[in-house]
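Chemist: To start, I am sharing the structure in question, which I have written as C-alpha cells.
The values are calculated or read from the model by the stated rules, or taken from the named source; none is laboratory data. Bear in mind that the values here come from a model prediction, so they are computed numbers and not experimental data. Methodologically, a virtual Cβ is constructed for each residue, glycine included, from the backbone with ideal geometry; neighbour enumeration extends over all protein chains shown. Just the protein is used for accessible areas: all its heavy atoms, side chains included, with ligands, DNA and RNA removed. Shrake-Rupley method; radii C 1.70, N 1.55, O 1.52, S 1.80 Å.
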Amino acid sequence: MLEQNTVLGQRKAAIRRLIENCLYQNQREGKLSFTEIADFVVEQPREEAHGDFAANAAMVMAKVCRRAPRDIAALLKDSIEKACAAQEADTAEIQQVEIAGPGFLNFWLKPGWLGACLEEILAQGENFGRSNTGQGKKIQVEFVSANPTGELHMGNARGAAIGDSLANILNAAGFQAEREFYINDAGNQIEKFGLSLDALYQTRLGHPVPFPEDGYHGADLPRLIEDLVAREGDIYLKLPDQERRNLLADYALSLKITDIRNALRNFGVEYDVWFSERTLHESGAVQGIIDKLDQDDWLLQQDGAIWLDCRRFGEEKPEVLVRNNGVPTYFAADIAYHDNKFRRGFDTVIDIWGADHHGHVARMQGAMEALGYDRQRLEVILMQFVRLYQGGQLLKMSKRTGQYVTLNELVEEVGRDAARFFFVMRSADSLIDFDMDLAKKQSADNPVYYAQYAHARICSILAAAPAGVCSVAADCSLLRQEGEEKLIRKLAAFPDEVATAALSREPHRLAMYILDLAAQFHNFYGQCHCLVEDQALMSARLHLIQAVAGVIRRGLAMLGVSAPEKM
C-alpha cells in the first residue's frame, strides 16, 4: 500500500477504513459472513463522471462472502449512508455514494475538498511529493558499469538516465538509495586491453608487432599511446612483456575511468561508490565464494573446469566458474560481487543491464539463492536498445571517433536535459528511436521543451503579478471551474505517482505524469486567466499555478532535468 500521509492518501485511507468498518458491521448483524477482508483498492477513477474515488471492495468480497457483488455493494452503500448521516469518523467529506457496473462503489466528496487539497499542497511546499513509502529500506542501484576500455555510448547513456532517475525517485519515496558503478578492471578483457596497448606502444616505437585479432580498436587508444610516448619515451620496452602490459593497462585504465567519470558527471550523474572488480580477486573474495559453494555441494568437476550446478535452481545446464586453466570466469567474480553487496546491508539490489543480458538474470538470481539469499532481493531491469536518428536517417557512426555516437557527443549536440528526458520517457523494456532533430526543436512537439515551457510560462505569469499576492494565504475554495479542479486533481496525485514509480522501478511513469500535468496547465491557462480584476480569485489562481510550477520543477529534478524560468 502506498504511503497514507499524502494529500490523496489520507482520503483514500479514510474511505478504506469506512468500508472496512461497514463490512464488520454487516458481519456483526449477520448480513455478511467472512473470516477476513480481502484486499481491495480505493483509487481515483479515470472518468470524473464516476466520482472522486472508487472502490472494488464488493467485488473482491463476493467470493469470500458467497454473495453477488452488487448485493454486497448495496449493503455497504446503506451502511455508509447511515454512517454519513450520523457524522461518524471518516465520513466528513463524503457527499454521495453510488453503485456502478458490476459492483463498484463510487464516492463523491463535498464541494471544496479540492480547495482544501491545494491548501495542503501549498503548506507542504518543497516536501510535497516526498513520502515514507520506502520506510528507510536500503536499496543499491548499479548501472552503466561499462568496460573501461572504450567510450560511453547510447546504451550506457540510457542506463545512466534510468539508473540516476530511479535513485532520485527512490530517495523521494523514502528509500535510502545508493548509486554504484562496477569497474571491470580484471579478467580476460583487461588482458586483451593490455595486449592491444602493448602492440600500439611497440609499433609506435619502431618495433612493430601483430595487433591481437580480438583486440580493442578504439580511436582514442593510439592518441593515448602517443601521449605516453611523448612523456615517457621507450622506458617500458626494457620491462618483461607481462609487466609492461600490466603497466600499460593500469595507465590507460586510470585515464579511461577518469574520462567515464567526467562524461557521466557532464550528464548529471554522480555515483556514491566506484567498486573495483580487481579488489574481489586480490582480497580472496572470489575464491571464498567458490569454496563456500563447494562446501554446500553446489559445484561439479568436468573437463578440468569447475561448474556451478545451475540445474538445481531451474536452469538447463551448469555454468563454468573456473576454467580448466584455473582462471575464474566473469560469472564467478559477479557472484562474489553480488554477495559483497548483500553483505553491505542492502535490503534490495537493483541491476540495470542491456537486454542482451536477459539469459544471465535467472542464473545470477539462482546463484544468490545458492548462497542463501532470497533471489527476489536481486532485481534486474533489462533495458532495450537505442536507435539514433538525424535528418530522418539512422545514425550509426560518429564523425569524430568513427565508432558509435558517444555520450559526450550526444550531450554536446542536444544538451543534457533533452537527452535525459528522452531516455526516461519510455519504459526500459521499450526500444527507443531517439530523434536528434526533435530533441533540439523548440516547440510543443518536443516533450522536454513542452514540460519546461509550462514551468517558464508560470514563472512569467508570477513575475507579472502584483507584488505580495503569493506571499499571503488564498481562498482556494474559489477554484470550482472544471480546468481548475482538473489541475488540482492532477497535482494531488504527485506523491502517489512518485511512490508508484519507485515501487514499480519505472521512472518513465514520472516523465509521463509531468507531461500530463503540463498539458493540464496549458488547457487551464486557455480557459482561466490568472491576472483578473477579482483580487481573491487572482490570488487563488496564482497560488494554484505556483503549486504547478513547484511540482514540475521537483519532478524534472528527479529526472535530472532543469526547469528554466525563461525560454
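Chemist: Quick one: which of 12-24, 312-324 comes out on top by average Cβ neighbours within 10 Å, and what's the full order, highest first?
Modeler: Ranking the peptides 12-24, 312-324 by packing returns 12-24, 312-324.
Chemist: Still on this structure, please answer the following. Along the charge dipole of the chain, pointing to its positive end and built from +1/-1 on Cβ of Lys, Arg, Asp and Glu, which listed residue (206, 84, 157) has its Cα farthest out?
Modeler: The Cα lying farthest towards the positive end belongs to 84.
Chemist: What number comes out for the charge environment of residue 267, summing +1 per Lys or Arg and -1 per Asp or Glu over other residues with Cβ under 14 Å away?
Modeler: -2
Chemist: Over all directions, how big on average is the projection of the convex hull of the alpha-carbon atoms in segment 213-269, in square nanometres?
Modeler: Result: a mean projected hull area of 5.0 nm².
Chemist: While we're looking at this one, here's another question. Cα extents of segment 114-264 along the three principal axes, largest first, in whole Å?
Modeler: 79, 25, 25
Chemist: Given charges of +1 on the Cβ of Lys and Arg and -1 on the Cβ of Asp and Glu, with all other atoms neutral, how large is the dipole of the chain about its Cα centre, in debye to the nearest 20?
Modeler: 800 debye
Chemist: List the lysines whose Cα sits under 22 Å from the Cα of residue 137, skipping any in the same chain fewer than 8 residues away.
Modeler: Excluding near neighbours in sequence, the set is 341.
Chemist: Further question: Can you tell which of 465, 512, 267 lies farthest toward the positive end of the dipole of the chain, using +1 and -1 charges on the Cβ of basic and acidic side chains (Lys, Arg; Asp, Glu)?
Modeler: 465
Chemist: Roughly how compact is the chain, stated as its Cα Rg over 2.2 N^0.38 Å to two decimals? Before the final figure, lay out each step's value.
Modeler: Details: Rg = 29.3 Å, N = 567, 2.2 N^0.38 = 24.5 Å.
It is 1.20.
Chemist: How big is Rg to Rh over segment 33-99, alpha-carbon atoms, Rh as the Kirkwood inverse-mean-distance radius?
Modeler: For segment 33-99, the value is 0.97.
Chemist: Over the alpha-carbon set of segment 178-229, divide Rg by the Kirkwood Rh and report the Rg/Rh ratio to two decimals.
Modeler: 1.08
Chemist: Tell me, what HN-Hα J-couplings in whole Hz come from the Karplus equation 6.51 cos²θ - 1.76 cosθ + 1.60 at θ = phi - 60° for each residue of segment 317-328, using x for Gly and Pro?
Modeler: 8, x, 10, 5, 9, 10, 5, 5, 8, x, 8, x
Chemist: Given 10 °C and 1.306 mPa s, how large is the Stokes-Einstein diffusion coefficient of segment 458-567 in µm²/s, with Rh as the Kirkwood radius over Cα pairs?
Modeler: Translational diffusion coefficient: 108 µm²/s.
Chemist: Full extension from residue 33 to residue 254: what is 0.36 nm times the residue separation minus their Cα-Cα distance, to one decimal in nm?
Modeler: Difference between extended and current length: 72.6 nm.
Chemist: I would also like to ask the following. Rank 196, 175, 236 by how far each Cα sits towards the positive end of the charge dipole of segment 172-245 (+1 on Lys, Arg Cβ; -1 on Asp, Glu Cβ) and give me just the farthest.
Modeler: Checked the options; the winner is 236.
Chemist: If amide hydrogens are placed 1.01 Å from N in the peptide plane, which non-local residues have theirs closer than 5 Å to the one on residue 354?
Modeler: Counting only residues 5 or more places away or on other chains, the set is 383.
Chemist: Calculate for the chain the 222 nm mean residue ellipticity that helices alone would give, adding -39,500 (n - 2.57) per DSSP H run of length 4 or more and normalising by residue count, nearest 500 deg cm²/dmol. Please report the intermediate quantities before stating the final value.
Modeler: Numbers: 20 runs with 286 residues, N = 567.
After summing the helix terms and dividing by residue count, I get -16500 deg cm²/dmol.
Chemist: Let's see if you can work this out: charge +1 on each Lys and Arg Cβ, -1 on each Asp and Glu Cβ, no other charges. What is the dipole magnitude of segment 202-289 about its Cα centre, in debye to the nearest 20?
Modeler: In total the dipole reaches around 160 debye.
Chemist: Roughly how many debye, to the nearest 20, is the charge dipole of segment 281-372 about its Cα centre, given +1 on each Lys and Arg Cβ, -1 on each Asp and Glu Cβ, and no other charges?
Modeler: Roughly 100 debye, rounded to the nearest 20.
Chemist: Could I ask something else about it? Within a Cβ distance under 12 Å of residue 434, other residues only, what is the Lys/Arg minus Asp/Glu net charge?
Modeler: Charge balance in the 12 Å sphere: +1.
Chemist: Could you tell me how many cubic angstrom of Cα convex hull volume segment 176-306 has per residue?
Modeler: Working: hull volume 22.4 nm³, N = 131.
In segment 176-306, the Cα hull volume divided by residue count equals 171 Å³.
Chemist: Stokes-Einstein at 20 °C, 1.002 mPa s, Kirkwood radius from Cα pairs: D for segment 401-489 in µm² s⁻¹?
Modeler: Value of D from the Cα-based Kirkwood radius: 129 µm²/s.
Chemist: In Å², what does the accessible area per residue of segment 231-350 work out to with a 1.4 Å probe?
Modeler: That works out to 52 Å² per residue.
Chemist: Same structure again: Using only the heavy atoms of the protein chains and a 1.4 Å probe, how would 471, 79 rank by accessible area, largest first?
Modeler: On the way: 471 95, 79 5 Å².
I get 471, 79, largest accessible area first.
Chemist: Within the set 256/292; 31/63; 77/110; 82/490, which residue pairs have Cα atoms separated by over 23 Å?
Modeler: Exceeds cut-off: 256/292; 82/490.
Chemist: What figure, in Å² to the nearest 10, do you get for the accessible area of residue 33 with a 1.4 Å probe and non-protein molecules left out?
Modeler: Per-residue accessible area (residue 33): approximately 80 Å².
Chemist: Kindly sort 358, 455, 50, 508 by accessible area of their heavy atoms, largest first, with the probe set to 1.4 Å.
Modeler: Most to least solvent-accessible, the answer reads 358, 50, 508, 455.
Chemist: All other residues with a Cβ under 13 Å from the Cβ of residue 230 taken together, and with Lys, Arg as +1 and Asp, Glu as -1, what is their net charge?
Modeler: Residues near residue 230 contribute -1 overall.
Chemist: Among all the lysines, which ones have a C-alpha under 23 Å from residue 440's C-alpha, if same-chain residues fewer than 8 places away are not counted?
Modeler: Within reach: 396, 399, 566.
Chemist: Accessible area of residue 31, 1.4 Å probe, to the nearest 10 Å²?
Modeler: Taking all protein chains as shown, residue 31 has close to 80 Å².
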